[in-house]
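Only one structure is covered here, and it is reproduced in the block below.
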Amino acid sequence: MAPIVDANSILVVEDDVVLGALICRGLRAAGYKVSEASDGNKALQALEHMKCAAVVTDIIMPDKEGVETIIEIRKHWPDTKIIAISGGGRVDPSMILNLADHLGADAVLKKPFSLKALLDILKTLAPL
């Protein structure tokens with residue numbers, strides 16, 4: 001049986017523990033149910049058991065990066081909304097986020113971003 005989509009459920013995929021915690025706390029305060037994963041592999045495992053309305057994923061991560069994660073989410077869960085986030089690391093974040101957009105992200109945010117910016121996107125993609 002396929003997992004049921006919870007319209008209020010967001011999966012945050014971020015390898016930076018502090019940033020991930022800040023994002024999750026802000027989303028919970030706004031009324032979302034939030035799950036966390038530290039890389040793309042863990043995110044895909046979580047999606048096998050719980051279908052989220054949206055995934056907020058970093059792009060540069062260990063193990064499975066965000067670009068690969070976006071491709072897999074689009075393949076297996078095409079209706080899941082995806083917000084790609086990146087500071088770019090050694091590469092211009094605009095290039096990475098353009099690639100994420102091209103591969104199926106519904107929205108992109110360059111780090112650092114405000115919680116309001118993320119919530120504004122979620123109000124459109126996964127309203128409470």
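Overview of results
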| read-out | value |
| --- | --- |
| Residue match in the range 50-61 (condition: part of a loop (DSSP other than H, G, I, E, B) and farther than 20 Å from Val17 by Cβ) | yes |
| Unmet criterion (only one of (1) modelled with pLDDT of 90 or more; (2) of a type outside the set (A, V, I, L, M); (3) in contact with a helix residue (DSSP H, G or I) (Cβ under 8 Å, 6 or more places away or on another chain)) for Phe113 | (3) |
| Search result, residues across the range 88-128 that are assigned to a helix (DSSP H, G or I), over 12 Å from Ile59 (Cα atoms) and among the charged types (D, E, K, R) | Lys116, Asp120, Lys123 |
| Only one of Ala105, Ala84, Ala126 that is small (Gly, Ala, Ser), at pLDDT 95 or above and within 18 Å of Cys24 (Cβ to Cβ) | Ala84 |
| Residue under evaluation Val91, criteria (1) of a type in the set (A, V, I, L, M); (2) within 19 Å of Leu19 (Cα to Cα); (3) out of contact with any Gly (no Cβ under 6 Å at 6 or more places or on another chain), criterion not met | (2) |
| Residues within the range 62-85 that are in a loop (DSSP other than H, G, I, E, B) and in contact with a strand residue (DSSP E or B) (Cβ under 7 Å, 6 or more places away or on another chain), tallied | 2 |
| Residue that is under 19 Å from Ile23 (Cα atoms) and basic (Lys, Arg), where the choices are Lys64, Lys116 | Lys116 |
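Condition check ((1) surrounded by 16 or more Cβ atoms within 10 Å (Cβ to Cβ); (2) within 12 Å of the chain's Cα centre (by Cα); (3) touching a residue at least 24 places away in the same chain (Cβ under 8 Å); (4) farther than 18 Å from Ser9 by Cβ) across all residues:
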position: Gly31; (1), (2), (3), (4): no, no, yes, no
position: Asn41; (1), (2), (3), (4): yes, no, no, yes
position: His49; (1), (2), (3), (4): no, no, yes, no
position: Cys52; (1), (2), (3), (4): yes, yes, yes, no
position: Pro62; (1), (2), (3), (4): no, no, yes, yes
position: His76; (1), (2), (3), (4): no, no, yes, no
position: Ser94; (1), (2), (3), (4): no, no, no, yes
position: Leu118; (1), (2), (3), (4): yes, yes, yes, no
position: Leu122; (1), (2), (3), (4): yes, yes, yes, no
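The values are calculated or read from the model by the stated rules, or taken from the named source; none is laboratory data. Predicted model, so just to flag it, every value in this text is computed and none were measured. Positions of Cβ are backbone-derived with ideal geometry, glycine not excepted, and every protein chain shown enters the neighbour counts.
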